[in-house]
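The next block holds one structure in the form of structure tokens; read it before the comments.
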Amino acid sequence: RRQHPVDASTMAMLRLPFALRPAHRLPFAAPHFVERVLRDETAHTRDATLSTTLDLRLQRVLERQVAQHIARERARGVRNAAALLVDTRDLGVRALVGSADFFDAAIAGQVNASRAKRSPGSTLKPFIYALGLDQGVLHPHTVLRDVPTAFGAFAPENFDGQFLGPVTATEALLRSRNIPAVTVAAQLAGPSFYEFLKVAGISRMASEQHYGLALVLGGGEVTMEESAGLYAMLANQGRLRPLRLREGDRASEGTRLLSAEASFITLEMLRGNQRPNSAFAARAARLPVYWKTGTSWGFRDAWTAGVVGPYALVVWVGNFDGSSNPALIGAEAAAPLFFRIVDALAAHDAALVEPLRLPPPGVRKVEVCLGSGDLPNAWCPQHSRAQTWFIPGRSPIRVSQLHRRVMVDSRSGRIACPPYDPEFVSAQVFEYWPSDLARVFRQAGMARRTPPAPPMCGSGQFVAAQDDEAVRITSPRRGASYALRSRRGAARESSVAPGGFVEHGPAADEGSEPIVFNATVDANVSGVFWFVDNAYVGRVEPGGSLAWPASEPGSYTVRAVDDRGRSDTRELRVIAER
């Protein structure tokens, strides 16, 4: 007042008490990200300012969407969620929401979900198919069998408990069918899925024997950061690069884990995944989204991960205490939040566009017959043909044998013997489905026109349809070993060589667990004969199983012969269990 008498009018304000706030009430932007950076051992600096990769505007977009989603879903017992946004161009973390509310102790809000190890459900399945593309196991329209299948002691089921029969690799991936995914993983020659994840830097993994084939179905654990790195790798043509938190971190050239061709095709397969709310289809068409959902065992974690524009986005919904909730399904709990963030990103940045993703030089398109996934033969109908991506010299390809032309005698309804009488014999085309798929069609009540039975002709030989399928043993698997319990004489599968997978079956009980033989045969087969070391052990109907009680350790040759004389063999080893 003495120095500034004109300020006398402000004395009333100066007499008001100071409004003080405790430290925890001060503004704290991106708390999980800030703590993540400050706790990083490499983050120490003498500079007054630490520059990070975070975009505070995008951070607030994600925080707002996560908070609104939890408010909508709280009535269903969904209390927490997290989201991570990574720029695939430089692997900078642009936004990180580690929980729905950092300051809510009731949900352990200060825990950072992006660093937590959780079961990924099916979100890692795209990388099984990418490995299959690289190793020549499949192309997008390869027909896989979604049928009841046992892999030694491991008999996976689908989430819905149903079987679809023949499905393309793309359909199997997008519909998250478990049995086709395990089938593909079992065929990987190297690296195996486990070896791929190890090289990709998935931390704290147990041994390959610990997981077995269950790793395919989410049996391991990953963090959101690890998952985001893998999806960013697809966007970067198969090169895995570490995430960046600080501007000063040098962008790495990365390590190639997948080919550019396999990465491109995998993204194209994921692109066909329809978003849960079709009302926004027009907006989605402007900005393609490559995404996959996941649900962990026991409904503890709901996931959606993918690539949108220049970003890799991973969303997790669940509870930090690991409690189960039937509402925690990836497609229902996580996918809506994922696409709300996608839409918010598009609204936030009107210039957000899809990076130019041109097919690599080593990718071509080829016409296939949809029923078989193979090159169409002359009898494949035009309406059953489609184009698919193909890697020349690597993708599996052969001429389709599903549609076959046979000469049918109208008097008997059977395949005719030559010479053909034109008055009663005509050419007809039938679909010849393998026995395991034909059984699924029957169980589902899906009528299929049954091919006519071949007759015995004058030479004593059956007349076969063009391009008959050979018999194929599906159990025991190639390279399998079975442990023989010496006290009771029952065998169980103990290890599998291909792909490095090891399966441990349940302990045999009272000698009642023999080795099961299965084979897939052509539609024109009426019986399969089984031999062990040339000794006949039994006959089964197509699609049937034969149980062989191994009694002595040793190496055996198992052979399946159909009633047309076609055969397949497997080497089988029975070892004494210690």
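The values are calculated or read from the model by the stated rules, or taken from the named source; none is laboratory data. Quick caveat, the model's predicted, so the values are computed rather than measured. As a convention, Cβ positions derive from the backbone with ideal geometry for all residues, glycine included, and neighbour counts pool all protein chains shown. For the accessible areas, the whole protein counts, side chains as well, though only heavy atoms, and no ligand, DNA or RNA atoms are used. Shrake-Rupley method; radii C 1.70, N 1.55, O 1.52, S 1.80 Å.
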For the range 1-119, dividing by residue count, accessible area per residue (probe 1.4 Å) in Å² works out to 65 Å²
In order over the range 73-86: 3J(HN,Hα) from phi, Karplus 6.51/-1.76/1.60, θ = phi - 60°, whole Hz, x for each Gly or Pro, gives 9, 4, 4, 8, x, 8, 10, 8, 7, 8, 8, 9, 10, 10
When all Cα-Cα pair distances of the range 511-552 are considered, the percent exceeding 15 Å is 44 percent
Stretched fully, the stretch from R74 through S207 gains (0.36 nm per residue minus C-alpha distance, one decimal, in nm) 44.1 nm
Unit-weight point scatterers at every alpha-carbon of the range 1-154, Debye formula, q = 0.12 1/Å: log10 I(q)/I(0) is -0.83
Here the equivalent ellipsoid of the range 17-91, derived from its Cα gyration tensor, has semi-axes (largest first, whole Å) of 26, 22, 12
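Order 515-525, 394-404 from most to least packed using the mean count of other Cβ atoms within 10 Å.
The peptides rank, most packed first, as 515-525, 394-404.
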Summed over the other residues with a beta carbon less than 12 angstrom from that of I107, with K and R at +1 and D and E at -1, the charge totals -1
Summing +1 per Lys or Arg and -1 per Asp or Glu among the other residues with Cβ less than 11 Å from L270's Cβ gives +2
Carbon and sulfur atoms account, in whole percent of the 1.4 Å probe accessible area of the chain, for 52 percent
Taking N as the residue count of the range 409-454, its alpha carbon Rg divided by 2.2 N^0.38 Å gives 1.43
Among the Cα-Cα pairs of the range 94-210, the proportion with separation greater than 18 Å, in percent, is 61 percent
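Provide the gained length on full extension for the span R539 to R398, in nm with one decimal, where the gain is 0.36 nm per separating residue minus the Cα-Cα distance.
47.7 nm
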Taking a straight Cα-to-Cα line shorter than 28 Å from K198, and setting aside same-chain lysines fewer than 8 residues away, one finds K117, K125, K292
Rg from C-alpha atoms of the range 292-437, normalised by the globular rule of thumb 2.2 N^0.38 Å, equals 1.75
On each of the three principal axes the extent of the alpha-carbon atoms of the chain, given in whole Å and largest first, is 129, 62, 46
Rounded to 0.05, the calculated FRET efficiency for the beta carbons of H4 and D104 at R₀ = 56 Å is 0.75
So E571 and S323, fully extended at 0.36 nm per residue minus their Cα-Cα distance, gain in nm 84.7 nm
Expected sort for 323-332, 414-423 on mean C-beta neighbours within 10 Å, highest first, is 323-332, 414-423
Pseudo-spin-label distance V199 to T255, built 7 Å along Cα→Cβ, given in nm, is 0.8 nm
